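The values are calculated or read from the model by the stated rules, or taken from the named source; none is laboratory data. Because the structure is predicted, anything quoted here is derived from the model rather than measured. Virtual Cβ from ideal backbone geometry, glycine too; neighbours counted across all protein chains shown. Accessible surface areas use protein heavy atoms only, side chains included; no ligands, DNA or RNA. Shrake-Rupley method; radii C 1.70, N 1.55, O 1.52, S 1.80 Å.
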Amino acid sequence: MDLSHHNGRIDWNQLEEAPIDFIYLKATEGGDWKDPRFLAHWREAKARGWLVGAYHFYRLCRPGYEQAQNFIQTVEVRQGTLPPAVDLEYAHNCEPYGSAQETLADLDQFLISLEAEYGMRPVLYTTKEFHADWLAGRYDTYPLWLRALGDEVPETRDHRQVDIWQYTMSARVPGIEGKVDMNRVPGVRADNK
């Protein structure tokens, strides 16, 4: 699953009953916003033995280097964690402040900065539309996390297979009052076999 402050208070003792293998937590957004629940969520999830990673919501109207610094200053834990992830989508985003070439150069700077800091390629979370418009053919060596709601494992428009698939935004799990985003790793059974 992936969680942020939008999910409200979490009863972590109840959540332990949910069939979850990994959790991505929202850490930052743009150049200066930090999720106020990130550190508490991180500590709770790690204490319960889940694989945990952090993600950044990338703002198209902010410099990539500035956004990378925001994330790096917030997410200091490295050993035994999932690769950092970057949320790249149109929903709730802003218009790019420069040309497509300038926007992609900023994204390159963000990704290079994270890879240099954490020693691993960031995971790109996106939608089919955003992938087709901005990422296809340019970031094919980065792990891909695709939101495609439904029952069929998705591919991108250029037929790239995904590493993580967000299949629903409306799951119900113990310990969380509202709806939750749930994800799968295609090809891996729920019992990790």
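Brief remarks on what is shown
- With DNA, RNA and ligands ignored, accessible area of K46 (1.4 Å probe; Å², nearest 10): 70
- Using the Cα coordinates of the stretch 35-121, the gyration tensor eigenvalues translate into equivalent-ellipsoid semi-axes of 26, 14, 10 Å, sorted from longest to shortest.
- The calculated 222 nm mean residue ellipticity attributable to helices in the chain amounts to -7000 deg cm²/dmol, summing -39500 (n - 2.57) over DSSP H runs of n ≥ 4 and dividing by all residues.
- Under 16 Å of direct C-alpha separation, and excluding same-chain neighbours fewer than eight residues apart, K128 reaches these aspartates and glutamates: D87, E89, D140, D151, E152, E155, D158, D163.
- Where GluC sites (Glu not before Pro) in DSSP loops with at most 16 other Cβ within 10 Å are excluded, longest remaining stretch of the chain: 77-151
- Square roots of five times the Cα gyration tensor eigenvalues for the stretch 112-193, Å: 24, 17, 14
- Cα long-axis angle, helix 38-47 against the chain (0 to 90 degrees, to the nearest 10): 50
- Antiparallel bridges, percent of DSSP beta bridges restricted to the stretch 65-193 (to nearest 5): 30
- Cα gyration tensor of the chain - equivalent ellipsoid semi-axes, whole Å, descending: 26, 20, 15
- Solvent-accessible area of Y90 with every protein chain in place, 1.4 Å probe, in Å² to the nearest 10: 100
- Put T28, T81 in order of accessible area, highest first, and with a 1.4 Å probe you get T81, T28.
- Each DSSP beta bridge with both residues in the stretch 1-143 is either parallel or antiparallel, and the antiparallel ones are about 10%.
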